[in-house]
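Colleague: Pasting in a structure now, in structure tokens, and then I'll have a few things to ask.
The values are calculated or read from the model by the stated rules, or taken from the named source; none is laboratory data. Just so it is clear, the model here is predicted, and its values are computed rather than measured. With ideal geometry, Cβ positions are generated from the backbone for all residues, glycine too; neighbour counts draw on all protein chains shown. Areas reflect the complete protein model, heavy atoms only, side chains present, ligands, DNA and RNA absent. Shrake-Rupley method; radii C 1.70, N 1.55, O 1.52, S 1.80 Å.
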Amino acid sequence: TWRGKERYRSIASIVDEVKGLVESGVREVTLLGQIVNAYGRGSLPRLNGKSPFVQLLEELNEIDGLYRIRFTSPHPTSFGEDLIQSYKNLPKLCEYAHLPMQSGSDKILKSMNRPYSRKRFLEIVKKLRLTHPDMRLSTDIIVGFPGETEDDYLLTKSAFEESNFEMAFIFKYSERSGTVAVDIGDSVPRETKEARNQDLLRTLEKQSYAANLSSVNKKFEVLVEGRARRGDAMMFGRTRCNRKVVFEGSEKMN
């Protein structure tokens with residue numbers, strides 16, 4: 001199926017909607033779009049070197065009563081310097097970014113038709129971490145893509161470790177009719193895909209545990225989302241960097 005031509009709402013209409021949400025009690029908004037950070041490309045102009053998406057973020061940042069801004073899902077090719085610097089310049093933009101890497105091998109990225117390189121991706125990660133000391137990153141990975149050798153997988157694993165992702169959606173490649181990958185051939189054995197999947201999950205577990213351990217005895221601002229699923233008198237919320245937090249409390253707390 002075809003997604004069709006991209007369409008964009010105006011910045012003014014989005015700002016007006018968010019203002020209405022804030023007036024009704026909303027304190028956090030998430031901008032959602034197909035390649036959300038490419039918002040306005042080819043339709044809305046850049047102003048003062050800033051993309052339409054960064055212009056939108058700046059407008060939202062000025063709304064009184066709005067505490068947090070998030071967005072998903074972005075694409076590495078649209079993560080320009082202006083967006084990276086927004087994490088430092090816009091206090092309401094939460095220090096969390098989802099960066100779909102897919103693979104750490106340039107050969108596999110090319111086969112996937114991904115228009116970025118391993119080097120470019122790691123540069124974005126480095127800049128984001130330098131921009132905000134508490135930046136938290138997550139990603140998407142596909143292991144076992146047709147033609148993926150052991151060396152290709154090890155490139156993915158090393159890029160995963162260098163990026164120090166704390167959250168990730170790790171998938172084993174499966175054929176989908178109508179995609180270019182189906183015609184590539186050179187499929188990876190099921191056992192190999194499973195082994196790589198489990199190995200990367202273990203790596204994620206180590207990195208996530210280390211990040212959580214470093215948070216012990218620190219204080220975080222938590223936006224409460226409601227009651228926790230388990231435990232009496234327990235509430236659930238998230239930190240600015242998108243960590244889930246369960247704590248004692250009730251809906252009557254001030």
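Colleague: Out of curiosity, is PHE247 free of Cβ contacts under 8 Å to residues at least 24 places away in the same chain and aromatic (Phe, Trp, Tyr)?
Modeller: Against the criterion (free of Cβ contacts under 8 Å to residues at least 24 places away in the same chain and aromatic (Phe, Trp, Tyr)), PHE247 does not qualify.
Colleague: Okay, moving on. Taking the options ARG70, ARG46, name whichever one is closer than 28 Å to TYR116 by Cβ and touching a residue at least 60 places away in the same chain (Cβ under 8 Å).
Modeller: Of the residues listed, the single one that is closer than 28 Å to TYR116 by Cβ and touching a residue at least 60 places away in the same chain (Cβ under 8 Å) is ARG70.
Colleague: Here is a follow-up. Write out, first by first residue and then by second, each pair whose Cβ atoms fall under 8 Å of each other, whose residues are 6+ apart or on separate chains, and whose first residue, in the range 196-225, is touching a residue at least 12 places away in the same chain (Cβ under 8 Å) and over 12 Å from THR239 (Cα atoms) while the second is charged (D, E, K, R) and part of a helix (DSSP H, G or I).
Modeller: ASP199/LYS157; LEU200/LYS157; THR203/LYS157; THR203/GLU161; GLN207/GLU161
Colleague: So LEU60 fits all but one of (1) touching a residue at least 12 places away in the same chain (Cβ under 8 Å); (2) open to solvent by 80 Å² or more (accessible area, probe 1.4 Å); (3) part of a helix (DSSP H, G or I); what number is the exception?
Modeller: It is condition (2) that LEU60 fails.
Colleague: Search the range 215-232 for residues being hydrophobic (A, V, I, L, M, F, W, C) and surrounded by 10 or more Cβ atoms within 10 Å (Cβ to Cβ), and hand back the single one that is farthest from CYS94 (Cα to Cα).
Modeller: The extreme case among them is ALA228.
This table checks each residue for (1) over 16 Å from THR131 (Cβ atoms); (2) touching a strand residue (DSSP E or B) at 6+ places or on another chain (Cβ under 7 Å); (3) among the small types (Gly, Ala, Ser).
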{"position": "ARG7", "(1), (2), (3)": "yes, no, no"}
{"position": "GLY20", "(1), (2), (3)": "yes, no, yes"}
{"position": "VAL26", "(1), (2), (3)": "yes, no, no"}
{"position": "VAL36", "(1), (2), (3)": "yes, yes, no"}
{"position": "GLY42", "(1), (2), (3)": "yes, no, yes"}
{"position": "SER78", "(1), (2), (3)": "yes, no, yes"}
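Colleague: So, in the range 28-37, exactly how many residues are touching a residue at least 40 places away in the same chain (Cβ under 8 Å) and either in contact with a Pro (Cβ under 8 Å, 6 or more places away or on another chain) or open to solvent by 80 Å² or more (accessible area, probe 1.4 Å) (or both)?
Modeller: The number of residues fulfilling the criteria is 3.
Colleague: Would you mind finding the one in GLY40, GLY20 that is in a loop (DSSP other than H, G, I, E, B), open to solvent by less than 60 Å² (accessible area, probe 1.4 Å), over 20 Å from ARG240 (Cα atoms) and not hydroxyl-bearing (Ser, Thr, Tyr)?
Modeller: None of the others qualify; the one that does is GLY40.
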